[in-house]
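J.: The structure follows.
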Amino acid sequence: MKLVSHREFIASLPAGEKSAIKKRSAELINEVETLQQMRKARALTQKKLAKKLGVGQVAVSKLESRSDLLLSTLRSYIEAMGGTLDLVVRFPDRKPVTLTTIGVEDEEPLMKPLSKKAKSVTRKPVRTVAAKKPQPRGRVRQAAE
């Protein structure tokens with residue numbers, strides 16, 4: 001059995017299969033898994049992107065390594081590369097819905113994280129006063145047995 005390179009193998013295929021391979025490879029090139037890959041596909045360095053975002057290069061590096069971030073942060077990152085962020089929701093029984101106002105800069109987060117400097121409030125214990133038994137008025141007679 002003669003070994004052949006992948007280029008030779010593809011060249012030996014029928015035209016329809018070559019076309020399908022070329023189409024699929026173009027699709028795969030457009031798929032990226034990380035923000036870093038997207039930035040590199042746009043031929044941008046962290047330093048150039050940081051300048052567009054108005055932050056330092058270290059901030060871009062940290063952002064690219066995070067697995068969870070605010071949509072507004074992601075939107076800013078994408079827009080600094082010249083793109084737009086579309087958030088599409090898909091349900092099995094409906095057509096896809098595009099959310100347009102999610103992740104805009106002026107939105108307030110629903111939950112704000114506590115700052116590290118926030119001190120917990122210590123409350124003084126509440127002093128409780130035991131209720132006194134009511135004292136009978138007048139003479140108390142003992143019941144006859």
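J.: Filter the range 44-69 for residues that are in a loop (DSSP other than H, G, I, E, B) and at pLDDT 90 or above; which is nearest to Gly83 (Cα to Cα)?
T.: Restricting to residues being in a loop (DSSP other than H, G, I, E, B) and at pLDDT 90 or above, the top hit is Leu44.
J.: In the range 43-60, which residues are within 28 Å of Ala26 (Cβ to Cβ), surrounded by 13 or more Cβ atoms within 10 Å (Cβ to Cβ) and either in contact (Cβ under 8 Å) with a residue 24 or more places away in the chain or hydroxyl-bearing (Ser, Thr, Tyr) (or both)?
T.: Correct list: Leu44, Leu49, Lys52.
J.: When only residues in the range 87-104 that are surrounded by 10 or more Cβ atoms within 10 Å (Cβ to Cβ) and in contact with a strand residue (DSSP E or B) (Cβ under 6 Å, 6 or more places away or on another chain) count, which is modelled with the lowest pLDDT?
T.: Ile102
The values are calculated or read from the model by the stated rules, or taken from the named source; none is laboratory data. Here the structure is a predicted model, which means the values were calculated and not measured. Neighbour counts are summed over all protein chains in view; Cβ atoms, including those assigned to glycine, are modelled from backbone coordinates with ideal geometry.
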